[in-house]
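Following: one structure in structure tokens, then a few remarks.
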Amino acid sequence: MNESHDDDILDALLRQQFEGPVADDGFSERVMRHLPPRRRRVAWPLWLGVLAGIAACWTCLAHAPLLHLGWRDWMAGELSPSVIGTWLAMAALSVLALGWGLMESRGR
């Protein structure tokens, strides 16, 4: 069994036994009022990571002949195997980045 399946079973059992909120004489509300406000997320680490990734990819791929051929043929309007390889690589990396982003956002 996976973890989410276990959670579903526990939720179902708790819902069968639980009939409503527990009377706590306002304790929960007092605790929530005394908690510090949520900190605002800063975006600069994300953009710094994106720029570092772009720089690392550019450094690694700057001398790749397939990339140069693909770019040259693409700009010339020719459909060659190197252009198709470049497109497939861009599409695959985009899908991987999308999947990673979705998996990271799932826990929030």
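What follows draws every value from the coordinates through simple rules; no lab data is involved. On a predicted model such as this, the values are computed, not experimentally measured, just so you know. Methodologically, a virtual Cβ is constructed for each residue, glycine included, from the backbone with ideal geometry; neighbour enumeration extends over all protein chains shown.
Semi-axes of the chain's equivalent ellipsoid from the Cα gyration tensor, sqrt of 5 times each eigenvalue, largest first, rounded to whole Å?
Each semi-axis is the square root of five times an eigenvalue, giving 52, 22, 10 Å.
At 7 Å along the Cα-to-beta-carbon direction for both L88 and W74, put a label point, then send me their distance in nm to one decimal.
Taking the two extended label points, one gets 1.5 nm.
Label points 7 Å out from Cα along the Cβ direction at W58 and H5: separation in nm?
4.8
Just how far, in whole angstrom, is region 81-104 from region 32-57 if you go by their alpha carbon centroids?
Region 32-57 and region 81-104 have Cα centres spaced 24 Å from each other.
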